[in-house]
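Let me begin by presenting the structure, written as structure tokens, before commenting on it.
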Amino acid sequence: MTENDSQALVRTDSAATISAAISFWAESTTRAETFERASKLQDKIQAVSTFFAFAEKHPGEITPEDVHRWRSHLESRDQKPTTVYARISRVSSFYKWLMSDPQLSLYIRSNPAAHARPRYPQPYQSESVKALTDDEMNRLIEVVKRRADAGSMVSKRDYSLLLFFFLTGLRRNEVISLRGKDLADKDGKLVIKYRRKGGKFVGREVEDPSVSDALLDYLMAAQRKSVMGSERPLWTRHDRAGKPGAPLSSRSFAENLKLYAKEAGIEHIHVHQTRHTYARIVA
């Protein structure tokens, strides 16, 4: 945002000026290579624009109470907790961006959404979806990694899979169904393109390098690095002396996971718990 644009936003409560700032924020905080970028931009712009239309105030006049009122309004319309959390997070991101501007930060010194945003919605804690504790997660990872480091091809694959689950929060079928063409390297970061529940393809950037490191270790050991960029399944069975076989099924991985969990001293385990563990970590 130029200095003139910043000063214009400070000096006016024009809806057009605020709208332009929201669009500029969305553009500047959404990477060019983001999958479904147009949809992502629309979602960001709509969330923040809707908030300011509700509040009917200039960004510099917004208080945490305004965000609380909007939250109550969304909840009264039966919006899901995850939807409410996501929309308020958009507003929070907009304010962080405003405060990073040298000119605007002189006038907008706090983020009202940060004080009013609810915690990430926690799933109900039945045995099948109960998030693992840090200790349980680390013990489980340690068991699989120890076997992988000892040379087990199956465990190298499963260690990579486990990190995918814990550090991306993707659903079981989203991970198991990945193909070589669904992964890309963008500025040294792994980007996963996957089919979300409902059939829509979206992309997710993975910050933690251990995910791509474990995947590369598995593919190199299995002599399957050529799968990258191809239509072939990313994960296969290794029933015969570690050699690649048929595509891996989610059931096979789930059965292995139970064996690892037993060794780690975890009585009950379900693949879906990895998704809730991810949600607990990032909340």
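From the Cα gyration tensor of the range 3-116, with a ≥ b ≥ c the square roots of its eigenvalues, which class applies: rounded if a/c is under 1.5, or else prolate if a/b is larger than b/c, or else oblate? Intermediate results must be reported in sequence, preceding the final value.
Values: a/c = 1.78, a/b = 1.16, b/c = 1.54.
Oblate, because a/c is 1.5 or more while a/b does not exceed b/c.
For the listed residue pairs LYS40/LYS130; LYS156/LYS193; LYS80/LYS193; LYS40/LYS258; LYS44/LYS189; LYS156/LYS262, the alpha carbons are over 27 angstrom apart in LYS40/LYS130; LYS40/LYS258.
Tell me which GluC sites (Glu not before Pro) from the range 175-237 have a DSSP coil assignment and no more than 13 other beta carbons within 10 Å of their own. Passing both the DSSP loop test and the Cβ count: GLU207, GLU231.
With +1 assigned to the C-beta of every Lys and Arg and -1 to the C-beta of every Asp and Glu, and no other charges, what is the dipole magnitude of the range 3-116 about the Cα centre in debye, to the nearest 20?
On the way: 14 positive and 14 negative charges, 61 e Å.
Rounded to the nearest 20 debye, it is 300 debye.
Using equal-weight Cα scatterers in the Debye expression, the normalised intensity of the chain in log10 at q = 0.09, 0.13, 0.16, 0.17 Å⁻¹ is -0.55, -0.95, -1.20, -1.29.
What is the sum of charges around LEU140, taking Lys and Arg as +1, Asp and Glu as -1, for the other residues whose C-beta is under 14 Å from the C-beta of LEU140? Within the 14 Å Cβ shell, the charges total 0.
Note down the magnitude of the dipole of the chain about its Cα centre, charges +1 on Lys and Arg C-beta and -1 on Asp and Glu C-beta and zero elsewhere, to the nearest 20 debye. Provide the component values of the computation, followed by the final result.
Numbers: 46 positive and 35 negative charges, 234 e Å.
In debye, rounded to 20, the chain gives about 1120.
So which GluC sites (Glu not before Pro) in the range 234-283 end up in coil per DSSP with only 13 or fewer other C-beta atoms within 10 Å?
Values: sites: GLU255, GLU263, GLU267; in loops: GLU267.
The qualifying sites are GLU267.
Listed from fewest to most Cβ neighbours within 10 Å, the set ILE176, ILE45 follows the order ILE45, ILE176. Span-like helices, the chain: DSSP H, alpha-carbon axial extent 15 Å or more, mean Kyte-Doolittle 0.0 or greater, which ones? Once both thresholds are applied, what remains is 15-28, 37-55, 81-99, 153-168, 209-221. With R₀ set to 35 Å, the beta-carbon distance separating ASP78 from SER28 gives a calculated FRET efficiency near 0.60. Of all the C-alpha pairs in the range 134-282, what % are more than 19 Å from each other? Beyond 19 Å sits 50 percent of the P(r) for the range 134-282. Look at the alpha carbon pairs under 8 Å that are at least 6 residues apart: their mean separation over the length of the chain gives a relative contact order of 18 percent.
Readers should treat all values here as calculations from the given coordinates under stated rules, not as data from a laboratory. Every value quoted in this text rests on a predicted model; they were computed, and no experiment measured them. For neighbour counting, all protein chains shown are included, and Cβ atoms are generated from backbone atoms with ideal geometry for every residue, glycine included.
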